[in-house]
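Asks: Provided herewith is a single structure, encoded as structure tokens, for subsequent inquiry.
The values are calculated or read from the model by the stated rules, or taken from the named source; none is laboratory data. Here the structure is a predicted model, which is why all the values come from computation and not from measurement. Every residue, glycine as well, gets a Cβ built from its backbone with ideal geometry; the counts of neighbours run over all protein chains shown.
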Amino acid sequence: MIAAVLTPLAVIGYAAKTGWADFVAMGATVFAALFVLTGLGSLRYRGRNRAVRLDLFESGFVATRGEGLRVVRYANTAVRQRIVHYVRTNETYYRYWVTDINGATLLLRENFVDPQQWGPAIQVGVTDVQWPDVWADLESGRRVEFGSLWLSNTEIGSDRYSEPWAEIKQIKIAPNRIRIDVEGKPGLPGPATETVPNVYLFRAVADRLCSIHGRAGVVTQ
């Protein structure tokens with residue numbers, strides 16, 4: 001009986017101290033995370049606006065913005081990134097396009113502070129969660145696709161070329177473009193990096209396949 005009285009009073013007191021808007025946003029975020037995401041720990045990144053927040057969990061994240069909540073699960077999302085550094089102004093611009101649980105695209109950028117931290121954290125989360133299924137597909141003989149590029153147990157290719165892993169001299173994943181160098185041939189035309197979904201996962205898989213075929217260390221950034 002006492003607990004039933006004290007609990008609502010404590011909740012009201014917390015809301016009064018923190019502000020009702022923050023309290024409601026926090027409650028909605030926790031509710032969404034509990035029912036959609038797994039894992040107890042989280043990382044929180046505030047926005048430049050008080051109504052903007054990014055909460056990262058073990059299996060996904062919740063983006064809180066003025067228009068409401070967007071929930072993303074690492075298991076079935078695609079992340080594309082564009083990172084541009086302007087030397088003249090010494091400014092770096094970050095853009096991440098992410099697919100949410102409804103299949104809609106969510107744009108994340110500098111309005112969430114510390115993009116140099118949460119961007120890689122999201123990509124690593126996607127890599128950790130999706131790796132087992134991707135590797136199982138490869139072991140069963142299927143190709144896995146990353147935009148216009150595809151990978152198999154024996155080759156890397158696109159609709160324009162394919163090359164065996166044993167002949168790969170270097171795969172350079174630059175901020176603007178992916179370059180593929182093959183022994184005895186000119187560099188192959190690679191796609192713009194921002195068109196390759198889950199580029200960290202692509203890098204990890206390509207690196208493992210190169211290593212298996214005697215080309216360890218040729219996948220670089």
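Asks: Can you name the residue in the stretch 43-60 that is crowded, with 16+ Cβ neighbours inside 10 Å and in a loop (DSSP other than H, G, I, E, B) and is also modelled with the lowest pLDDT among such residues?
Replies: 52
Asks: Within the stretch 94-127, restricting attention to residues that are touching a strand residue (DSSP E or B) at 6+ places or on another chain (Cβ under 9 Å) and among the small types (Gly, Ala, Ser), which residue is surrounded by the most Cβ atoms within 10 Å (Cβ to Cβ)?
Replies: 125
Asks: Across the stretch 92-137, what is the number of residues that are of a type in the set (Ser, Thr, Tyr) and without any contact (Cβ under 8 Å) to a residue 24 or more places away in the chain?
Replies: Going through the stretch 92-137 one residue at a time, the tally reaches 2.
Asks: If you don't mind, there's one more thing I want to ask. Name the pairs whose Cβ atoms lie under 9 Å apart, with the first residue in the stretch 207-221 and over 16 Å from residue 157 (Cα atoms), the second modelled with pLDDT under 95, and 6 or more positions between them or separate chains?
Replies: Between residues of the stretch 207-221 that are over 16 Å from residue 157 (Cα atoms) and residues that are modelled with pLDDT under 95, the close pairs are 221/174; 221/175.
Asks: Against the definition (in contact with a helix residue (DSSP H, G or I) (Cβ under 6 Å, 6 or more places away or on another chain) and over 22 Å from residue 176 (Cβ atoms)), how does residue 77 come out, yes or no?
Replies: Considered against the rule, which asks whether it is in contact with a helix residue (DSSP H, G or I) (Cβ under 6 Å, 6 or more places away or on another chain) and over 22 Å from residue 176 (Cβ atoms), residue 77 comes out as no.
Asks: Another question about this same structure. State which residue is farthest from residue 80 (Cα to Cα) when the search covers only the stretch 172-221 and only residues that are assigned to a loop (DSSP other than H, G, I, E, B), out of contact with any helix residue (DSSP H, G or I) (no Cβ under 7 Å at 6 or more places or on another chain) and at pLDDT below 95.
Replies: 184
Asks: Right, another one. Looking at the stretch 118-140, is at least one residue in the same structural domain as residue 74 (by TED's automatic domain parsing), under 29 Å from residue 91 (Cα atoms) and of a type in the set (Phe, Trp, Tyr)?
Replies: Scanning the stretch 118-140, I find at least one residue that is in the same structural domain as residue 74 (by TED's automatic domain parsing), under 29 Å from residue 91 (Cα atoms) and of a type in the set (Phe, Trp, Tyr), so the answer is yes.
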